[in-house]
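In what follows, a structure is listed as structure tokens, so that the remarks can point back to it.
Bear in mind these aren't lab numbers, they're just calculated from the coordinates by the rules spelled out. Fair warning: this is a prediction, and the values are worked out from it, not measured in the lab. With ideal geometry, Cβ positions are generated from the backbone for all residues, glycine too; neighbour counts draw on all protein chains shown.
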Amino acid sequence: MTDISANDRSYEAGMGDYFALMKPRVMSLVVFTALVGLLVAPVPVHPFVGFVAILCIAVGAGASGALNMWWDADIDQLMKRTASRPIPSGRVAPGEALGIGLALAGFSIVLLALATNFLAAGLLAFTIFFYLVVYSMWLKRATPQNIVIGGAAGAFPPMIGWAVATGGVSIESVLMFALIFMWTPPHFWALALFVKSDYGRAGVPMLTETHGRDATRKQVLIYTLLLVPVALGLGLTSIGGPFYMVVALAMNAWFLKGAFDIWRRDDAACEADKHRVEINVFKVSLYYLFAHFGALLVEAALRLYGIGGWSW
Amino acid sequence: MVIRVEHELHTRRRGRNVGVGLLLVGFIAIVFGLTVVKVLQLDNITQFETFDHVARPQLVPQEEVAE
């Protein structure tokens, strides 16, 4: 051996590659909603314990991301959007991703149990199980409703945050869960309507491809209609209040109008304006979730000064 | 190609080692911090200082002994 570059064929992953395994963008949504769940709860949490809890939830979400990438490596390499992920691009070995995913999942669950309580840790464990086994292994390749049921995995974080503070489950945390759960389908299908995906090539049934775009438009409207009472109902609980209600009414009207606009369109109209409405509704859906959870935070802050909620 | 003392691979490995080191330091800081917080939340700490698995009358406050 005369040249050390002979080793180049077996690429060794750097920290950035391992970090990419954890789907950092998904993690940011998880951190935000879990933090809101924790902060709006009526029981105060020590700041350091709260920090560790959010870290555990984020790492748990990262672990499920790594495990999902390990399981889906075969289809990821067939799709343009996912072909550059660490495993299909050859930067991280599948076994490494599995090891990292399992280790991080174990660490985050045990640490959350020790730092807070067993309910919160149990919910985190169930979330990881749900995302890997129920969504990735069972549903994703089997049914076009995969995104509906799989969306539950992304809806658990605020419920975990609430459990960290209170040690229990209540109507408030269930409605925060339901808000993200019902929001996921219209959010995702609005995206599916304007992104040219190659899910079909990978054998993943997506509603736009199995039932057509018209059926998808109808589903966007149905789920947005179902989302409205959940969002407004959350405002009537102990964590809601007038400010939340105003924000929720405005955002729901905006989102609903977008869903109606999508429903009234056909493919020719979409092609004509290059999916302007769908792109717009997708953006609105992002503002929608951020605004609702942001408004819950504002209500919690107002309560500190005795002016939040419905009681003042 | 010549043999280089510093190959790109070494830089990447160093980055990985530093990363793992920082993660371990972070983990220690978290466990230590949690320990401090949990102990401080145990109400009056002296009740644990006096606990020695056996009865130690000399540690019981004088007033109670007098009663």
## Note on the structure
Answer check: chain A, Cα atoms, Kirkwood Rh, Rg/Rh ratio of 1.01
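Which order do the peptides A:233-241, A:135-143, A:50-58 take when ranked by the mean count of other beta-carbon atoms within 10 Å per residue, highest first?
A:50-58, A:233-241, A:135-143
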### Message
Could you compute the net charge surrounding B:Gly21? Neighbours are other residues with a C-beta less than 14 Å from the C-beta of B:Gly21; K and R count +1, D and E count -1.
### Response
+3
#### Entry: Theoretical FRET efficiency, 1/(1+(r/R0)^6), r = Cβ-Cβ of A:Val110 and A:Arg264, R0 45 Å, to 0.05
0.30
### Query
Residues with beta-carbon under 13 Å from that of A:Trp70, excluding A:Trp70: net charge, scoring Lys, Arg +1 and Asp, Glu -1?
-2
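To the nearest 0.05, how large is the calculated FRET efficiency for A:Ala250 and A:Phe19 if R₀ is 56 Å and r is the Cβ-Cβ distance?
0.90
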### Query
Please state the relative contact order of segment A:44-116 as a whole percent: Cα pairs under 8 Å, 6+ residues apart?
45 percent
### Task
Specify the inter-centroid distance of segment A:234-312 and segment A:117-132, based on alpha-carbon positions, in whole Å.
28 Å
### Message
For the ranges A:179-188, A:260-269, what's the packing order if you count other beta-carbon atoms within 10 Å of each residue, average per peptide, and put the highest first?
### Response
A:179-188, A:260-269
### Message
At 222 nm, what value in deg cm²/dmol follows for chain A if DSSP H runs of at least 4 each add -39500 (n - 2.57) and the sum is divided by all its residues, to the nearest 500?
### Response
-23500 deg cm²/dmol
### Only Lys, Arg (+1) and Asp, Glu (-1) charged, at Cβ; segment A:66-201 dipole about Cα centre in debye
380 debye
### Summary
Mean other chain Cβ within 10 Å across A:210-217 is 0
### Task
Count the lysine pairs in chain A whose Cα atoms sit under 27 Å apart, keeping only pairs 8 or more residues apart in sequence or on different chains.
21
### Summary
Hits for chain A under the membrane-span-like helix rule (DSSP H, Cα axial span at least 20 Å, Kyte-Doolittle mean at least 0.0) are A:24-40, A:47-71, A:94-115, A:146-166, A:171-194, A:212-235, A:242-264, A:276-304
### Net +/- balance of residues flanking A:Leu234 in space, Cβ distance below 11 Å, scoring K and R +1, D and E -1
-2
### Task
From other protein chains only, count the Cβ atoms within 10 Å of every residue's Cβ in A:257-269, then give the mean.
0
### Summary
Given Cβ charges of +1 for Lys and Arg and -1 for Asp and Glu, the option among A:Leu227, A:Ile109, A:Ala178 whose Cα lies farthest towards the positive end of the dipole of chain A is A:Leu227
### Task
Please get the size of the charge dipole for the protein assembly as shown, origin at its Cα centre, with Cβ charges of +1 on Lys and Arg and -1 on Asp and Glu, quoted in debye to the nearest 20.
1280 debye
### Query
What dipole magnitude, in Debye to the nearest 20, does segment A:214-288 give about its Cα centre under +1 on Lys/Arg Cβ and -1 on Asp/Glu Cβ?
160 debye
